[in-house]
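Here the structure is laid out as structure tokens; the discussion comes afterwards.
Readers should treat all values here as calculations from the given coordinates under stated rules, not as data from a laboratory. Note that the coordinates shown come from a computational prediction; the quantities given were computed from them, not determined experimentally. Note that we place each Cβ from the backbone using ideal geometry, even for glycine, and neighbour counts take in every protein chain shown.
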Amino acid sequence: MAFKEKTKTAFYSALSEIDKPPRRGVMDERNMHYERIEVKCYSGYRINELPVSFAYKGREHLIEEIVDRWYEGGQRPGRPAMNYFKVRTTHGEEYILRYNGLFDAWALLIGGESDR
């Protein structure tokens, strides 16, 4: 098969995957969004250094563990620095929190899992 035909086949194969429903337990970026929340934080060397608890839909979630942490943006104009925290609550639930230091705003990642 010629290179052009292989590329064409791969392209149409990828397009057919777009309309398929996501597999169970796989992130579905089409349904993800962030919702603003209130977060209580530990402030040590920096303000809002680590989240301790957050309120969502009238319920307070105490954070037992920060599973992962990463950063995004801040290097280019128009891309504010964002701090992300994957946290586990005392009830064993896992959430992704985002902190926007420019606006001093916290948000919770909503959706994205196909089985929710």
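Of the GluC sites (Glu not before Pro) found in the stretch 29-91, the ones in coil according to DSSP and having at most 16 other Cβ atoms within 10 Å of their Cβ are 49. For residue 105, the residues whose modelled amide H falls within less than 5 Å of its own, excluding neighbours fewer than 5 places apart on the same chain, are 100.
For the stretch 71-82, the Karplus equation 6.51 cos²θ - 1.76 cosθ + 1.60, evaluated at θ = phi - 60°, returns couplings of 10, 8, x, x, 8, 10, x, x, 10, x, 5, 10 Hz by residue, with Gly and Pro reported as x.
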